[in-house]
Amino acid sequence: MPAPSVSIAKGGGTHGAGPRHVAIIMDGNGRWAKKRLLPRAMGHRKGVEAVRKLVRSLRGTGIDALTLYAFSSENWKRTEEEIADLTTLMKHFIRSDLGEMIENGVKLRIIGDHSAFDPEAVALIDDALARTAHNTGTVLTVALNYGAQQEIARAAAAAAQAGVVTVDTISAHLDTADLPPLDLLIRTSGEIRLSNFLLWQAAYAELYFTDVLWPDFTPEHFQEAVASFGARERRYGGR
């Protein structure tokens, strides 16, 4: 049964207008499993289910882009077993959901360096990118082996190489340069920090923190975050 759709007014402004680009730090899989005396891998599996339900719920809404923090450049410090579990889940998600993404017009993008994963995973990701490249629905961007500080350094170096270093030229070389400006950044699990995720892009984004652990995060929770966004007045430094 598909998850209920989230009704969102399209726009990127203020006072009731919905966000075009939402990013999520999907935190709390391990704590979800620990609370239930389950292996961490079970938390990650439930987290993937939460992703699937959320992506399905966005069909036909005003959300143009959803960016998910799936694997940071710091996550390589985790145990080999956990990294293997995460990689296996990623492969399974692509195999099981790619057809549905194509059918629903979802365009998959990757930010970060996914070439660091094993060859099978890289091949699956590259195939999914190619097969969804011309889709015109929601852009689902997944951050894999991603770190915002590293991204900014690369963008600044590219701008310098081109001869001009300004806010605009750095922005033009970011991994997200072809996406709408980030409107709303959500973090689950009660942590209140950005953890090296979209630091540049979040400069004027609205931030929303919730105690809900990611595996328990539903389309209804997402709608609450969007409603909070719509109630805020965005001044971009003005009065």
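Only the coordinates and a few stated rules stand behind these numbers; no lab work does. Not measured: the values here are computed from a predicted model. A quick note on method: Cβ atoms are made from the backbone with ideal geometry, for glycine too, and the neighbour counts reach across all protein chains shown.
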Per the filter on the stretch 150-194, residues surrounded by fewer than 20 Cβ atoms within 10 Å (Cβ to Cβ), under 15 Å from the mean Cα position of the chain (by Cα) and closer than 30 Å to residue 35 by Cβ are 194
With the structure loaded, tell me whether residue 161 is polar (S, T, N, Q), part of a helix (DSSP H, G or I) and touching a residue at least 12 places away in the same chain (Cβ under 8 Å) or whether it fails that test.
no
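Out of the stretch 200-221, which residues are under 17 Å from residue 190 (Cβ atoms) and assigned to a helix (DSSP H, G or I)?
Within the stretch 200-221, 214, 215, 216, 221 qualify.
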Does residue 138 satisfy the condition of being without any contact (Cβ under 8 Å) to a residue 24 or more places away in the chain, touching a helix residue (DSSP H, G or I) at 6+ places or on another chain (Cβ under 9 Å) and either among the aromatic types (Phe, Trp, Tyr) or crowded, with 16+ Cβ neighbours inside 10 Å (or both)?
no
Pairs where the first residue, in the stretch 181-207, is in contact (Cβ under 8 Å) with a residue 40 or more places away in the chain and the second is assigned to a strand (DSSP E or B) and of a type in the set (Asp, Glu), C-beta under 6 Å, 6+ apart
184/206
Let me spell it out: the conditions are (1) surrounded by 15 or more Cβ atoms within 10 Å (Cβ to Cβ); (2) touching a residue at least 24 places away in the same chain (Cβ under 8 Å), and residue 83 meets all of them except one. Which number is the exception?
(2)
